[in-house]
Amino acid sequence: MEWLAYGRYGQTVVRGGNSATSSRHAAARIARMAGLRAGLAPTIEYNTMILHRFRACIRALPMALALAAGSAAADVQQEIQALARQGNYAAALQKLDQAESADPKNAALMFQRGVLLAESGRKDEALAQYERVIEQFPELPEPYNNLAALAAARGQYERARWALESALRADPNFALAQENLGDLYLRMAALAYEKAQQLAPERQALQKKLQQVRSLDVALPPPTTAPKN
């Protein structure tokens, strides 16, 4: 199952009232979200991390950030990416610390910290970082999606579902979050069918259903423990 996340431009759907005030609020929200997501990089390096068969956390924020934040910010992003590509996460995070000290409310930098922490194996800290991004920028779908990938890899399927559904509320056109949600439902279905088979082993139909679900992902491991919520 693939769990992917990246910064990108995308169409934003905002539902609201018909009044002029709500229209202005919707327009302001769209403008704010477009600006924030511009910082999450229109172009992406696909450098994925495998988490128990879940793919997650694309390395983001390359040169295209210059379109939104200026060439100096783009240079910093490039330096951070180059260090991370070399596996020098300590230096990358140090460089990120310096950039954030100058701009502590930068959504792109905050998101990148989560990516670097996850890729360097510091998954608890990455989860906490994505939660901070979500708290400050709830309109961005990408942090929800990355949080879901990490949560799902831990068997925290209800938490992952909440995060993916939140991503889709932020942007109903976010295709990767929709795909990830489908993969999550497959995993949860496999667990449910396995439990049902344990309760009623004589029912051959359950075995058939379980095989059908697993056939959609040949690498789906047999669940051995109950998922964590």
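Only the coordinates and a few stated rules stand behind these numbers; no lab work does. Here the structure is a predicted model, which is why all the values come from computation and not from measurement. Note that each Cβ is placed from the backbone with ideal geometry, even for glycine, and that neighbours are counted across all protein chains shown.
Could you order the peptides 99-108, 114-123 from most to least packed, using the average number of other C-beta atoms within 10 Å per residue?
114-123, 99-108
Given the convex hull of the Cα atoms of segment 106-147, what is a quarter of its surface area in nm²?
Mean projected area for segment 106-147: 2.4 nm², to one decimal.
What is the distance in Å between the Cα centroid of segment 163-211 and that of segment 129-158?
19
Name the lysines eligible as straight-distance cross-link partners of Lys195: C-alpha to C-alpha under 26 Å, and not fewer than 8 places from it in the same chain.
Filter leaves Lys208, Lys209, Lys228.
To make sure I understand the rule: partners must be lysines, Cα under 25 Å from the Cα of Lys105, and not fewer than 8 residues away in the same chain. Which ones qualify?
Lys95, Lys123
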